[in-house]
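Input: a single structure, listed below in structure tokens.
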Amino acid sequence: MKALRIGMRARGLLAALALCALGATGRPALAAEVVVGQVAPLSGVLASTGQQMVLGGKIYFDWVNAQGGVHGATIRQEVVDDGYKVPETVRLTRALLARPEVVALFGFAGTANVTQLLADGVLEQGGAALVAPYTGGESLRSPFNPWIFHVRAGYADEAEHMVQQLATLGMDRVAVMYQDDGFGLAGLAGLAGVEAALARRGLKLAASAGYERNTDQVEAAAQAIKAVDAQAVIMIAINKPAAAFVKRYREVGGGAQLYSISVVDPAEIVKIAGLKNAHGLGISQVVPYPYRPLLPVVREYQQLLKKYAPGAEVNYTSFEEFLGAKVLVEALRRAGPAPTRARVVKALESLQGFDLGGVSVGYSPTSRVGSRYVEVTVIGANGRLMK
């Protein structure tokens, strides 16, 4: 306060400090903020997914703040848009981590995007945990890195589950449509994950066809896969190109059973591809079914979605990031009233067998994969997902 002077007596100093605590209006000063940084694709080909990612965290953070925050501090979810572009993800993450008040990162998207953060040492240099990235890329899980705390199963887990289901149904001519980058190709994820799962059963891919990242140019892929008369096609793709492929593949007469990994939004698939083409599409899921409130955490999610985003619909993506927000908030609680990046990392490591409300995650100093849960849902005749 300007009125303070070096020569002020102790009594005056105490009175001035009391006034500072009350603030200019005489009310108690606002508690400190805890800032969580989120880089998300709010524009471009993954925009609808990015919006759902942000929403899932927001409704839980809003509820926590309404209850008084964490140790009296409100959580501020600071979101910036990378348009799903790798250089932007790197640039924006560096900018967030240059600010000491950012104690953790939350809910990024894109295997290639987050892989570049590791390759450039951005997370290591910043020393902050990244919680619940919206990717199952194996390059982010193996080899072990200490900075990323996964809430979801990996794409390799999804590939294994889908191929096992196909093998049980007697389907042995399987093709893959994939994004031609680290998301669609790398490690045991994507194309390689499907190939490995087939090889364990003595099978080989009938065909594989890629499309260029950040486009929906899938004509060549649809024609190539139609030509091999596959029984099933697994798509390693995001919303718009996946929907474009479903539409075009059906238009050229492709009759295979279609499957997708978990990162697509079924509502957008139906909107772009048309219900006639999308009906029957199988989508693997890495969190429990959020449309029926059978689990306590699903009931909580539905209630808070209705309260804080009354116009929004239940969605797998927002539910997944809702779970991620619960993980992060518990870590902030365990990190104490003055959380630092290092304390948040240690707190996350202490979440071993942590129950989110009928869904458990677990980490340790040597493990960052919180869950390996996978199931398959299907787009029904009404355009909604069925178990």
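The values are calculated or read from the model by the stated rules, or taken from the named source; none is laboratory data. Remember, predicted model here, so these are calculated numbers, not experimental data. Please note: Cβ atoms are built from the backbone with ideal geometry, for glycine as well, and neighbour counts cover all protein chains shown. For the accessible areas, the whole protein counts, side chains as well, though only heavy atoms, and no ligand, DNA or RNA atoms are used. Shrake-Rupley method; radii C 1.70, N 1.55, O 1.52, S 1.80 Å.
Structure values in brief
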{"item": "Surface per residue (accessible, 1.4 Å probe) for segment 255-387, Å²", "result": "41 Å²"}
{"item": "Probe 1.4 Å, protein heavy atoms only - accessible area per residue of segment 99-139 in square angstrom", "result": "24 Å²"}
{"item": "Highest-fluctuation residue, Ala232, Ala199, Ala273 considered, GNM on the chain with Cα pairs under 10 Å", "result": "Ala199"}
{"item": "Probe 1.4 Å, all protein chains present, accessible-area order of Thr366, Thr135, largest first", "result": "Thr366, Thr135"}
{"item": "Anisotropy class of segment 157-290 from Cα gyration tensor, a/c 1.5 cut", "result": "rounded"}
{"item": "Lysine pair count for the chain [Cα-Cα under 13 Å; pairs on different chains or 8 or more apart]", "result": "7"}
{"item": "Taking segment 163-291 and dividing mean pair separation by its residue count, relative contact order in percent (alpha carbons under 8 Å, at least six apart)", "result": "23 percent"}
{"item": "Most mobile of Gly254, Gly362, Gly336 in a GNM of the chain (Cα contacts under 10 Å)", "result": "Gly336"}
{"item": "Within the accessible area of segment 149-293 (1.4 Å probe), percent carbon and sulfur", "result": "51 percent"}
{"item": "Phi to ³J(HN,Hα) by Karplus 6.51 cos²θ - 1.76 cosθ + 1.60 over segment 49-58, Hz, x for Gly, Pro", "result": "5, x, 5, 5, 4, 5, 4, x, x, 4"}
{"item": "Residues whose placed amide H lies under 5 Å from that of Tyr178, excluding near-sequence neighbours", "result": "Ala209, Gly210, Tyr211, Ile236"}
{"item": "Residue with peak Gaussian network fluctuation, the chain [Cα springs, cutoff 10 Å], from Tyr259, Tyr308, Tyr60", "result": "Tyr308"}
{"item": "Which labelled figure in [x] 1.05; [y] 1.00; [z] 0.97 is Rg/Rh (Cα atoms, Kirkwood Rh), once derived from the coordinates", "result": "[x]"}
{"item": "Dipole in debye (nearest 20) - the chain, about Cα centre, beta carbon charges: Lys, Arg +1; Asp, Glu -1", "result": "1300 debye"}
{"item": "Mean-position separation - Cα centroids, segment 236-266 and segment 101-134, in angstrom", "result": "29 Å"}
{"item": "Additional length obtainable on full extension of the chain from His279 to Lys307, 0.36 nm per residue less Cα span", "result": "6.9 nm"}
{"item": "Acute angle (nearest 10 degrees) that the helix 316-335 long axis makes with the longest principal axis of the chain, alpha-carbon atoms", "result": "30 degrees"}
{"item": "Computed over the chain: relative contact order in percent, which uses C-alpha pairs under 8 Å that are six or more apart", "result": "18 percent"}
{"item": "222 nm mean residue ellipticity, helices alone, for the chain (DSSP H n ≥ 4; -39,500 (n - 2.57); rounded to 500)", "result": "-12500 deg cm²/dmol"}
{"item": "Beta bridges per DSSP with both ends in the chain, % antiparallel, nearest 5", "result": "25 percent"}
{"item": "Gain upon complete extension [Arg299, Ala381; 0.36 nm per residue less C-alpha separation]", "result": "27.0 nm"}
